[in-house]
């Protein structure tokens, strides 16, 4: 990209943008990895946090009625927070966080360095490295959005077939990674470290060079079209698959409303029937002698619709609704990806006037995911709170454990001394 027509304000804006992406993206994605991997690296701390969380939940309600009503939600919340089972949504979130961390920690600093030196580094290696990593990032992000949409579609629309298992998700991710690495190696051929108009050597796209062959020009166009095709394909997959998911969700909600309405009507009819039976019994009892009325103090009561309400609650707390909630979060991730990458691709294909900020704005996609998880996922916020409080809790726990160990050691020493004194007194006691 030729940056000779950009102003100083554009240059400063890009430097500020890349600096914010580097800081916020690195910290945010490290926290995401820590949230979802803390049960692997700190199992003892998480076990202690689970015990404290369980005690806090049960301390909120002391009567049995509260525990019965909220038992399902408490168990579901505890399972979401402390489950060690890695599902496909969590796996793809971890892959996204890992890729975003690599981009924010390595790719963005290289781009920042190239912008500072105005695309004139001290060696052509930086040009090739930036081209390779950028092409891999763009292609892998597009393909991963498609994979996530397929996973959510199979999990919600075809839950009994188990099409997208964890093993298949890992194989798909590795295959996509290998393909993107090969595609990135091809992308390094679209940029060269040469001089324009007798100026110092700089990173230049091959379509801007005068001595470019026809094959190189067609190759450059083909690479751009493949990037654009993957982006358009990701948009189509997101629109079609999430539309099908939305249709399934609407149908499920409609079935729940119908089931609830039929249950209420059934209870109402049962209540009318029981009241008519009670009226007939009272009329019959009034004609009988008084001595036969001893066992009629408690009239028959209609059944309460508690079973129906419980079944609705079980349905809303089922695994299907957890899949739907994760699909909503990942759908927002896909929409943000489309919004952020659109200006960059339009600028690269020269559909809109070229701006330096618009060309580099796609790096915001690597920052947005942790913010989306934090704002949309209540379970993520709870896990993040446990992660941030885990360090203080672990230090406090270590201090308490050391104090307890010292106390127990002193108690054992005093007890041992008392036993030794008792044995000495028994030995020295004169025989009678």
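Test residue 131 against the criterion of being closer than 24 Å to residue 346 by Cβ and more than 16 Å from the chain's Cα centre (by Cα), and give yes or no. The answer is yes for residue 131. Taken across segment 180-201, residues that are without any contact (Cβ under 8 Å) to a residue 40 or more places away in the chain, over 25 Å from residue 114 (Cβ atoms) and in a helix (DSSP H, G or I) do not occur at all.
Residues of segment 205-225 that are buried (at least 16 other Cβ atoms within 10 Å of the Cβ) and touching a residue at least 60 places away in the same chain (Cβ under 8 Å): 205, 223, 224.
Quick check: is even one residue across segment 161-179 more than 24 Å from residue 327 (Cβ to Cβ) and in contact with a helix residue (DSSP H, G or I) (Cβ under 9 Å, 6 or more places away or on another chain)?
Taking segment 161-179 as the starting set, the residues that turn out to be more than 24 Å from residue 327 (Cβ to Cβ) are 178-179.
With the extra rule that they be in contact with a helix residue (DSSP H, G or I) (Cβ under 9 Å, 6 or more places away or on another chain), the set shrinks to 179.
Yes: segment 161-179 contains one or more residues that are more than 24 Å from residue 327 (Cβ to Cβ) and in contact with a helix residue (DSSP H, G or I) (Cβ under 9 Å, 6 or more places away or on another chain).
If the condition is being farther than 24 Å from residue 142 by Cβ, without any contact (Cβ under 8 Å) to a residue 40 or more places away in the chain and part of a helix (DSSP H, G or I), then segment 99-130 contributes 113, 125. When each of 46, 130 is tested for being crowded, with 17+ Cβ neighbours inside 10 Å and modelled with pLDDT under 85, the lone residue that passes is 46.
May I ask you to say which residue of 336, 367, 357 is touching a helix residue (DSSP H, G or I) at 6+ places or on another chain (Cβ under 7 Å), in a helix (DSSP H, G or I) and under 22 Å from residue 239 (Cα atoms)? Please lay out each step first, then the result.
On the way: 367 fails: under 22 Å from residue 239 (Cα atoms); 357 fails: under 22 Å from residue 239 (Cα atoms).
Matching residue, one of 336, 367, 357: 336.
Residue count for segment 184-204, restricted to those that are surrounded by fewer than 16 Cβ atoms within 10 Å (Cβ to Cβ) and over 25 Å from residue 141 (Cα atoms): 6.
Any residue at all in segment 330-345 that's modelled with pLDDT under 80 and under 21 Å from residue 119 (Cβ atoms)?
Residues of segment 330-345 that are modelled with pLDDT under 80, as a first pass: none.
No: segment 330-345 contains no residue that is modelled with pLDDT under 80 and under 21 Å from residue 119 (Cβ atoms).
Regarding residue 157, is this residue within 23 Å of residue 233 (Cα to Cα), in contact (Cβ under 8 Å) with a residue 24 or more places away in the chain, surrounded by fewer than 21 Cβ atoms within 10 Å (Cβ to Cβ) and more than 19 Å from the chain's Cα centre (by Cα)? In short, yes.
The values are calculated or read from the model by the stated rules, or taken from the named source; none is laboratory data. The shown structure was predicted, so the numbers you read here are calculated from the model rather than taken from an experiment. Reconstructed Cβ throughout: ideal geometry from the backbone, glycine too, with neighbour counts over all protein chains shown.
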